[in-house]
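Bear in mind these aren't lab numbers, they're just calculated from the coordinates by the rules spelled out. The model shown is predicted, which means the values in this text are computed figures rather than measured ones. Cβ sites come from the backbone with ideal geometry, for glycine too, and all protein chains shown count toward neighbours.
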Amino acid sequence: MDDVKIIYFSAEWCGPCKQFKPLMEKLEEQGYPIYFEDVDADPVLAESHQVRSVPTIKIIKDDKVVETMVGVQDPAILTGKFQLYAPLDFSDEG
């Protein structure tokens, strides 16, 4: 999973970002390689990834963007995408 990273671009002033962030934090706690980036704090990174609106999620595998999701996402779809690129093994739980 070292070759995959998920960048969550957001902004402090963004209402949807604030609503969506707890889900992203929960997914990070589960083990997904999520990096939180504020577009105002790091505009160069946001520009290099052509982020035009927030929230935006970029899934990067082997240094290439393989998936871009703009806006608040359905949790089931989001988790499915993360599992596709950065699978976690939940078989030991419960």
Item to check | Most to least packed among 80-87, 55-62, 69-76 [average Cβ atoms within 10 Å] | outcome: 55-62, 80-87, 69-76
Item to check | Point-charge dipole on Cβ atoms (K/R +1, D/E -1) for the stretch 11-51, about Cα centre, debye to 20 | outcome: 220
Checklist entry - Magnitude of the Cβ-charge dipole of the chain, K/R +1 and D/E -1, about the Cα centre, nearest 20 debye? => result 400
Checklist outcome for this item: With G71 itself left out, Lys, Arg at +1 and Asp, Glu at -1 over residues whose Cβ is under 15 Å from its Cβ give +3
Checklist outcome for this item: Helix-only [θ] at 222 nm, the chain, -39500 (n - 2.57) per DSSP H run of 4+, per residue, nearest 500, equals -10500 deg cm²/dmol
Checklist entry - Roughly what % of DSSP beta bridges within the chain run antiparallel, to the nearest 5? => result 70
Next on the checklist: Contact order normalised by length for the chain, with contacts defined as Cα pairs under 8 Å and 6 or more residues apart; what percent is it?
Outcome noted: 36
Item to check | In the chain, lysine pairs with alpha-carbon atoms under 14 angstrom apart (chain gap of 8 or more, or interchain) | outcome: 7
Item to check | Fully extended contour minus Cα-Cα distance, from V72 to W13, at 0.36 nm per residue | outcome: 19.7 nm
Item to check | Cβ-based charge dipole, the chain, positive-most Cα from I59, L88, W13 | outcome: W13
Checklist entry - Looking at (1) 18, 46, 30, 5, 0; (2) 16, 52, 28, 4, 0; (3) 18, 56, 24, 2, which value of P(r) over Cα pairs in 10 Å bins from 0, in percent comes from a calculation on the structure shown? => result (2)
